[in-house]
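Q: Sharing a structure with you now.
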Amino acid sequence: MSTNFSSLPVVDVSALGASGASTQDTTELSQKLYDVFATTGFAYLVNAPLSFNHDEVFDLTREFFALPQDRKMKLAKKSFRPGHYNTYRGYFPTQPHLTPDNLKEGFEIGNPTADHGTRIPASTQKINISEPNVWPDRQIFSKQERLEEMYNELQSLASKLLSLLAVPLGKETDFFDSWLDDSLSTLRLLHYPPVTQTALPGPDEAARLSCSPHTDSGILTLLHQDTTGGLEVLNAAGEWIAAPYIPGSIVVNIGDLMARVSGSRFKATMHRVRAPPPKPDAANDRFGRFSIPFFFEPGEACSVPVEGDEGPVVYGEYVRTKMATFVEFQEDSGYDTAIRRIYEPY
């Protein structure tokens with residue numbers, strides 16, 4: 001359980017991009033990160049060494065989701081388009097028949113430089129988590145290369161953060177290096193369409209959520225959130241603490257697996273996203289809410305050492321188990337029929 005905090009701490013990580021950063025600077029940053037993850041499990045990062053800013057990442061995201069639905073459905077995962085081969089990367093549409101409080105569409109990419117074709121044999125699993133990315137035609141979406149650059153920079157940032165955590169965890173500085181081999185990290189663009197007043201069932205409209213309470217399952221999450229607000233983090237007193245956007249910041253939080261790696265010294269903190277108040281003119285709202293999380297993940301075959309009696313966790317097996325709880329991978333008796341009825345025209 002996290003501590004009884006009333007706001008999220010802000011951590012200046014400019015030392016990660018400074019060529020002349022001193023040993024003292026990095027040591028102090030390492031301890032600061034350790035303290036944050038051992039108490040709140042969440043923080044704002046400022047002055048991160050990234051070549052893109054908040055406006056660029058959200059302009060790019062809006063551009064993708066503004067594509068016609070038939071173009072986005074050409075990238076849809078196999079569960080939405082049975083004739084497609086991609087099962088893990090690509091696009092997923094909203095699924096109102098499964099979860100009315102988690103309405104979102106998304107587009108996901110993995111490592112843009114991995115040699116998926118030769119590194120991983122044809123999977124016998126229903127979902128191939130090491131499959132290559134799929135992309136729109138460059139004529140209609142020209143930002144593929146920029147998205148790939150963003151992915152690589154966020155992967156580098158997550159790697160630097162992890163390297164700083166090795167020493168306070170009592171490990172060698174290169175302890176996490178092997179986790180980066182064939183990493184399955186995911187950059188996810190999310191769009192929550194605007195909600196009308198009439199779309200909110202039930203009497204407690206103020207409690208409606210864009211994303212229900214959860215902890216992240218993996219190692220680290222880096223989040224670009226838009227100015228709409230709504231992110232809330234649960235403290236030890238059971239209070240939901242607002243975490244609004246701070247200009248120039250990225251939110252970072254610990255996942256369940258990293259909490260286990262740390263022997264529960266780090267906290268995977270429960271969080272949710274509250275839906276903004278519905279607008280009478282929501283039909284004229286072209287955008288709604290956007291969110292861009294980057295999930296740092298090891299390779300599929302990576303053996304992750306966790307403290308306890310169960311021994312190391314093979315990441316591919318771990319994430320497949322977790323996927324059963326992800327909305328976009330859930331199935332029920334009416335799932336395939338409902339999905340095909342809604343999206344087959346595309």
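Q: Taking region 219-262 on its own, how many of its residues are crowded, with 16+ Cβ neighbours inside 10 Å and assigned to a loop (DSSP other than H, G, I, E, B)?
A: 9
Q: Give me the residue from region 266-284 that is assigned to a loop (DSSP other than H, G, I, E, B) and exposed (fewer than 14 other Cβ atoms within 10 Å of the Cβ) and, out of that set, modelled with the highest pLDDT.
A: Taking region 266-284 and keeping what is assigned to a loop (DSSP other than H, G, I, E, B), we get 266-270, 275-281.
Narrowing the set further to residues that are exposed (fewer than 14 other Cβ atoms within 10 Å of the Cβ) leaves 277, 280-281.
Working: P277: 61, P280: 53, D281: 51.
Among those residues, the one meeting the criterion is P277.
Q: Which residues, taken from region 33-47, are over 19 Å from the mean Cα position of the chain (by Cα) and under 13 Å from L169 (Cα atoms)? So that I can check it myself, show each step before the final result.
A: Here is the first cut: in region 33-47, the residues over 19 Å from the mean Cα position of the chain (by Cα) are 33-36, 38-39, 47.
Those that are over 19 Å from the mean Cα position of the chain (by Cα) and under 13 Å from L169 (Cα atoms): L33, Y34, D35, A38.
Q: Let me ask another. Does region 307-314 contain any residue that is closer than 22 Å to G106 by Cβ, at pLDDT below 90 and in a loop (DSSP other than H, G, I, E, B)?
A: Just the residues of region 307-314 that are closer than 22 Å to G106 by Cβ, to begin with: none.
No, that holds for no residue.
Q: Under 9 Å by Cβ, and 6 or more places apart or on different chains, what pairs join a residue from region 3-21 that is in contact (Cβ under 8 Å) with a residue 12 or more places away in the chain and surrounded by 13 or more Cβ atoms within 10 Å (Cβ to Cβ) with one that is outside any loop (DSSP other than H, G, I, E, B) and among the aromatic types (F, W, Y)?
A: These pairs meet every condition: F5/F42; L8/F42; L8/Y44; P9/F42; P9/Y44; V11/Y44.
Q: With region 26-125 as the region, which strands (runs of 3 or more DSSP E) entirely inside it contain at least 3 residues that are modelled with pLDDT of 95 or more?
A: Values: elements: 42-46, 90-92, 105-109.
Here the list reads 42-46, 105-109.
Q: Would you pick out the residues in region 41-55 that are on the phi < 0 side of the Ramachandran plot and polar (S, T, N, Q)? Before you say what the answer is, go through the steps one by one.
A: Restricting attention to region 41-55, the residues satisfying the condition of being on the phi < 0 side of the Ramachandran plot are 42-46, 48-55.
Scanning region 41-55 gives S51, N53.
Q: Here's a follow-up. Restrict the check to region 167-178 and report whether at least one residue is crowded, with 21+ Cβ neighbours inside 10 Å, touching a residue at least 24 places away in the same chain (Cβ under 8 Å) and of a type outside the set (D, E, K, R).
A: No, region 167-178 contains no residue that is crowded, with 21+ Cβ neighbours inside 10 Å, touching a residue at least 24 places away in the same chain (Cβ under 8 Å) and of a type outside the set (D, E, K, R).
Q: With over 30 Å from I140 (Cβ atoms) and surrounded by fewer than 20 Cβ atoms within 10 Å (Cβ to Cβ) as the only criterion, which of K74, K32 stands out? Spell out how you get there, then give the answer.
A: On the way: K74 fails: over 30 Å from I140 (Cβ atoms).
Just a single option satisfies the conditions, and that option is K32.
Q: Within region 134-145, is even one residue in contact (Cβ under 8 Å) with a residue 12 or more places away in the chain, among the aromatic types (F, W, Y) and over 24 Å from T26 (Cα atoms)?
A: Checking region 134-145: at least one residue is in contact (Cβ under 8 Å) with a residue 12 or more places away in the chain, among the aromatic types (F, W, Y) and over 24 Å from T26 (Cα atoms).
The values are calculated or read from the model by the stated rules, or taken from the named source; none is laboratory data. Just so we're clear, the structure is a prediction, and the values are computed from it rather than from any experiment. Note: ideal-geometry Cβ built from the backbone for every residue, glycine included; neighbour counts use all protein chains shown.
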